[in-house]
Each structure stands twice: as structure tokens, then as C-alpha cells.
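Student: Shown below is the structure under consideration.
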Amino acid sequence: MSGKPRLTYLNGRGRMEPIRWLLAAAGVEFEEVYLETKEQYEKLIKDGFLLFQQVPLVEIDGMKLVQTRAIMSYIAGKYNLYGKDLKERALIDMYVEGISDLMQMILMFPFSPPDAKEKNLESIKERATNRYFPVFEKVLKQHGQDFLVGNKFSWADVQLMEAILAVEEKVPGVLSGFPQLQVFKTKMSNMPTIKKFLQPGSPRKPPPDALYVETVLKVFKK
Amino acid sequence: MSTKPKLYYFDGRGKMESIRWLLAAAGVEFEEEFLETRDQYEKLLQGGSLLFQQVPMVEMDGMRMVQTRAILSYIAAKYNLYGKDLKERALIDMYVGGTDDLMGFILMFPFLSAEDKEKQRALIVQKATSRYFPVYEKVLEDHGQDFLVGNNFSWADVHLLEAILMVEEKKSDVLSGFPQLQAFKAKISSIPAIKKFLEPGSQRKPVPDDKYVETVRKVLRMYYDVKAN
């Protein structure tokens, strides 16, 4: 039996992608099971794997973990990416939750009706450039350190890096007003585990396409 | 200068209510500043105290914390309501994630049209009785202990009680198929700090009314056209 964590989700980004990022950043190898049919999903529920009948599911250390935040917090805690004390953890949580709100907009984007796509894209751009990126630009500028919290690589850095790349895919040149974030992006890209994750052939998933959307609707259709 | 935590939010439940519950359960007294006007909100924004321009915001231990989950996690850990190790914390996080999703259906309820409210009420009850309550019923039945995790009172218990009471407000006999949850509700309600919070005059907020909805819309200039899930 493999000791590696096992991830169950669709073959695409969705809510599992931040988990893939975090495991990869921590240098942890993992296996993946891809949901392709409704029957597979129903069987998982019937066999008692999905506490609230939902994925992501991560089997790790004898647990069947669900709920994205619970999974990420566990991984961050286990691999020392969660700060050195309660206050650093609070900062990391604040940053991660903010980024997660931004990523939620990107997550939902492929499922928006065609006539709403332009408006939603504009919202993503507006939020990124007016609400979220300025916060992290300021944090980095104020302490002048490489990492967001406690002068040490943490979950917050991984999450911000993922968000920067995801927004850039939608809004090229979005970092043009954010010199600190540009430097941050370069530094993160050069960290060995992240560099490896950004190379072709890694478990990183491509942007969602029509097939992905179709699969989601098919698997979870009532 | 007060050393009590200070909560900045509307005078109503919303996303701040779970924080009020947890502080109360931990026996921590707190102060509140209620947002009533757009001006107040803009002043907070200009003063730089809202990291992502949003409330809830809690001033505590020298920090201006935002993001409900970050605030709750901090309080839970500080007051030993977060389990004894990483695995218990993961269980608590999972359980809280579930009750949070359930309460999420109720959070937007006051902002819906009358017609959508009826549909949403049915959805809340359906989700509670088919997806969420059975999970906690089984957890309690399987280990036979009073508390959800590690035989110790935790954030997960507080959050579940809050969720149960909120769903009961939508359908008073919703616990009828869940004997373990009925016992759980009685036990947790009788814990002194919780009992005190459930009494009139506490900082617990009532079911949101039209005035609350109006205030939120006026202050945030948002949520005018909220659709059901």
C-alpha cells in the first residue's frame, strides 16, 4: 500500500488545484483518482468515502479528508507551512482566505452563462487590481522580505503564487502596476519544488476547457 | 484602553454571529461597534482597518483581523477549542466546514424575494436532514461521547449547536429524526457559558429582519438582487 496521499477529483483544477499546489510546494508526492462518470461518484458516496457527499477528497495519514480548507490546513500544519505561532497562523489564514475569495471568482467563471462572461471577467480584473493585489504588494513592500509572513515560506506564498498565475491567464499584464508582486512571482518560480511543479509533466492541471465543464456537469448532475 | 476584543459589524447575525457564539462559548467578553451608515463604513475603509475592504473585522490582541474563518480559527486555538493535535484539528475543520456550508444557505435567506424564500426554506431543510445532520448524528452515535471530537468541548460543538438552532428557526421539528442531536442540543445548551449566551440580554442577535437587510444594503451598496442557490 502506498504511503502517498491520494487525491480524488475530476481531471482538472477546480477546488483541488490549491491542494495540488500545496502538496507540490511541500515536496510531497501524491496519487490521483479522476472522476469521469456519475456512477463512479455515486459509488464513492455509497462506500462512505465522502463525508458530505462532496469532493475534493484526500486520503492521507489514515484519514478521508474532505472540505478544501480542512485539507489545506492539515497539509500546511504537517509540513511546517503554517507560521511559527498563533499570530502568524492568523496572518496566513487571513491572506489565504482573501486569495481564496478571488480564486472563487475564477473557479466559477467557466460555468457562467455566455452573456455574463465579459462582466465576470471584468469583475475578476477589478477585484484583483483594486482589492487583492494591492494588499500583498503593500505587505511585501513594507517588510521588504521575500515571503509574506514571518520571513519564511508558507502556505500564503503558495496560494498567492497560484492566484497570480491564474489571474494572468485571464488578464495578461495584470501585474504591470505591481513591481513587488513581479519580483515575488520570479522568486517563487525559482523555488525548486515550485519550479518542478511548473514544468510540463507535473500534476498541475491546465486551465478548464469545455470538456472539463461538460464532465463536471455530467458527474454532479442531479 | 479596553483589552476586550472589539467586533465591527452590523447589528445583526450575518457572518459575525459564529464569532459571537465562539467568544461567548469561550467565556470571553467582547465589545461591539455596529455599522449603521455608509459614512461609518467609508471611515473604516479610509482608516485602513479593513484589509480587504470587508467586515467582519475583530480587533483583538493588537491585530485587526478580517476573514471570518481566520478569526474563528484564531479564537478556537487561543481558547483551547481546537483539539489536541493536527488530526483532531482536521476533524474539527471538516465538521465546521459542513456546518458552515449549511449555515451558508441560511445566511442569504433574508435577502431573497418572498417567493425564493419559500424555495430556500425547503432547500435548507432538505440539506440539513439529508446531507448534514445525518453525519453528526452518526459521529455521536458511533463514539457515544458528549462532544464531537476527542471527548472534549470544541469549536465544532459550538458551531453545530448554532446550526441546529438556526435550522430549527426555519422548521421547528427538524430534529425529530435525530435523537443523538436532540441529546447533544440539550447537553451543549446547558454548558454555563452557552446557557448564558442563550438567555435574553446576551449579545446573541435575533433572526434578521427587514431593517437588518435594509441596513446592510444601504451601508455596503450591495445585495439588492440576491438569487437563491
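The values are calculated or read from the model by the stated rules, or taken from the named source; none is laboratory data. The structure displayed is predicted, hence computed values, not measured ones. When we count neighbours, we look across all protein chains shown, and the Cβ atoms used for this are built from the backbone with ideal geometry, even at glycine. Areas reflect the complete protein model, heavy atoms only, side chains present, ligands, DNA and RNA absent. Shrake-Rupley method; radii C 1.70, N 1.55, O 1.52, S 1.80 Å.
Student: Considering only region A:31-65, state which residues are more than 14 Å from chain B (Cβ to nearest Cβ), part of a loop (DSSP other than H, G, I, E, B) and surrounded by fewer than 18 Cβ atoms within 10 Å (Cβ to Cβ).
Tutor: A:Glu36, A:Thr37, A:Asp47
Student: Given the condition more than 25 Å from B:Gln180 (Cβ to Cβ) and in a helix (DSSP H, G or I), answer yes or no: does some residue in region B:83-106 qualify?
Tutor: Yes, region B:83-106 has at least one match.
Student: State the number of residues belonging to region A:66-81 that are more than 27 Å from A:Lys221 (Cβ to Cβ), more than 7 Å from every other protein chain (Cβ to nearest Cβ) and open to solvent by 20 Å² or more (accessible area, probe 1.4 Å). Full working, then the answer.
Tutor: Of the residues in region A:66-81, the ones more than 27 Å from A:Lys221 (Cβ to Cβ) are A:72-81.
From what's left, more than 7 Å from every other protein chain (Cβ to nearest Cβ): A:72, A:75-76, A:79-81.
After this cut, where a residue has to be open to solvent by 20 Å² or more (accessible area, probe 1.4 Å) as well, the list is A:79-80.
The number of residues fulfilling the criteria is 2.
Student: Could you list, in sequence order, all residues of region B:67-125 that are under 20 Å from B:Val167 (Cα atoms) and within 11 Å of chain A (Cβ to nearest Cβ)? Even if it seems obvious, please write down each step before you answer.
Tutor: The first filter runs over region B:67-125 and keeps only residues under 20 Å from B:Val167 (Cα atoms), leaving B:94-125.
Result: B:Met94, B:Tyr95, B:Val96, B:Gly97, B:Gly98, B:Thr99, B:Asp100, B:Asp101, B:Leu102.
Student: For region B:54-75, indicate whether the set of residues that are within 25 Å of A:Asp85 (Cα to Cα) and not assigned by the TED database to the domain that holds B:Thr37 is non-empty.
Tutor: No; the residues of region B:54-75 include none that is within 25 Å of A:Asp85 (Cα to Cα) and not assigned by the TED database to the domain that holds B:Thr37.
Student: From the list A:Arg13, A:Arg89, exactly one residue is charged (D, E, K, R) and more than 9 Å from every other protein chain (Cβ to nearest Cβ). Which is it?
Tutor: Only one candidate qualifies: A:Arg13.
Student: Go through region B:29-43 and report how many residues are open to solvent by less than 20 Å² (accessible area, probe 1.4 Å) and over 16 Å from B:Glu214 (Cα atoms).
Tutor: Counting residues in region B:29-43 that are open to solvent by less than 20 Å² (accessible area, probe 1.4 Å) and over 16 Å from B:Glu214 (Cα atoms) gives 1.
Student: Residues that are in contact with a Lys or Arg (Cβ under 8 Å, 6 or more places away or on another chain) and closer than 16 Å to A:Ala25 by Cβ: does region A:170-188 have at least one?
Tutor: No.
Matching residues to (1) closer than 24 Å to B:Asn80 by Cβ; (2) not β-branched (Val, Ile, Thr):
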{"residue": "B:Tyr132", "(1), (2)": "no, yes"}
{"residue": "B:Val174", "(1), (2)": "no, no"}
{"residue": "B:Gln182", "(1), (2)": "no, yes"}
{"residue": "B:Pro192", "(1), (2)": "yes, yes"}
{"residue": "B:Glu199", "(1), (2)": "no, yes"}
{"residue": "B:Lys205", "(1), (2)": "no, yes"}
{"residue": "B:Tyr224", "(1), (2)": "no, yes"}
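Student: Conditions first: (1) open to solvent by 20 Å² or more (accessible area, probe 1.4 Å); (2) within 14 Å of another protein chain (Cβ to nearest Cβ); (3) farther than 30 Å from B:Arg217 by Cα. B:Phe153 passes all but one, so which condition is the exception?
Tutor: Condition not satisfied by B:Phe153: (2).
Student: Within region B:129-150, which residues are open to solvent by 20 Å² or more (accessible area, probe 1.4 Å) and within 21 Å of B:Val207 (Cβ to Cβ)?
Tutor: If the condition is that a residue be open to solvent by 20 Å² or more (accessible area, probe 1.4 Å) and within 21 Å of B:Val207 (Cβ to Cβ), then B:Thr129 is the only one that fits.
Student: Among the residues of region B:191-206, are any charged (D, E, K, R), modelled with pLDDT of 95 or more, buried (at least 16 other Cβ atoms within 10 Å of the Cβ) and on the phi < 0 side of the Ramachandran plot?
Tutor: At the first step, the residues of region B:191-206 found to be charged (D, E, K, R) are B:195-196, B:199, B:204-205.
Checking which are modelled with pLDDT of 95 or more leaves us with B:195-196, B:199, B:204-205.
Still in the list and also buried (at least 16 other Cβ atoms within 10 Å of the Cβ): B:204-205.
Next, only the ones that are on the phi < 0 side of the Ramachandran plot stay: B:204-205.
So far as region B:191-206 goes, yes, one or more of its residues are charged (D, E, K, R), modelled with pLDDT of 95 or more, buried (at least 16 other Cβ atoms within 10 Å of the Cβ) and on the phi < 0 side of the Ramachandran plot.
Student: Tell me the residue from A:Asp101, A:Asp115 that is loosely packed, with under 14 Cβ neighbours inside 10 Å and either in contact (Cβ under 8 Å) with a residue 60 or more places away in the chain or in a helix (DSSP H, G or I) (or both), please.
Tutor: Answer to the check: A:Asp115.
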